[in-house]
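Trainee: Structure provided below as structure tokens; questions to follow.
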Amino acid sequence: MFQVRQTQQFQDWLDALKDLRAQVRIVARLRLVEAGSLGDWKALGGEVSEMRVDVGPGP
């Protein structure tokens with residue numbers, strides 16, 4: 001199990017997303033992380049990591 005900490009800045013960004021489907025996928029991904037499934041991620045240093053959530057048309 002992992003603890004997901006969300007900053008106010010992150011919550012503001014998530015709330016401002018115009019793509020509702022992307023919002024739902026991101027929240028679902030965070031729930032999977034809390035359950036222990038990290039999926040596609042990369043350590044950035046210290047306690048900071050990034051995850052990819054594939055949603056939308058892409059480049």
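Trainee: Can you run down the residue pairs with Cβ atoms below 7 Å, 6 or more apart or on separate chains, where the first is in segment 43-56 and closer than 16 Å to LEU17 by Cβ and the partner is among the hydrophobic types (A, V, I, L, M, F, W, C)?
Mentor: From residues that are closer than 16 Å to LEU17 by Cβ, the pairs are MET51/TRP41; VAL53/ILE26; VAL55/ALA22; GLY56/ALA22.
Trainee: Taking segment 4-59 as the region of interest, how many residues are surrounded by 10 or more Cβ atoms within 10 Å (Cβ to Cβ) and in a helix (DSSP H, G or I)?
Mentor: The number of residues fulfilling the criteria is 18.
Trainee: Just give me the residues in segment 2-41 being touching a residue at least 12 places away in the same chain (Cβ under 8 Å) and under 12 Å from VAL55 (Cα atoms), in sequence order.
Mentor: Within segment 2-41, ASP19, ARG21, ALA22, ARG25, ILE26, ARG29 qualify.
Coordinate-derived values only; no laboratory data. For clarity, every value in this text was computed on a predicted model and none was experimentally measured. Positions of Cβ are backbone-derived with ideal geometry, glycine not excepted, and every protein chain shown enters the neighbour counts.
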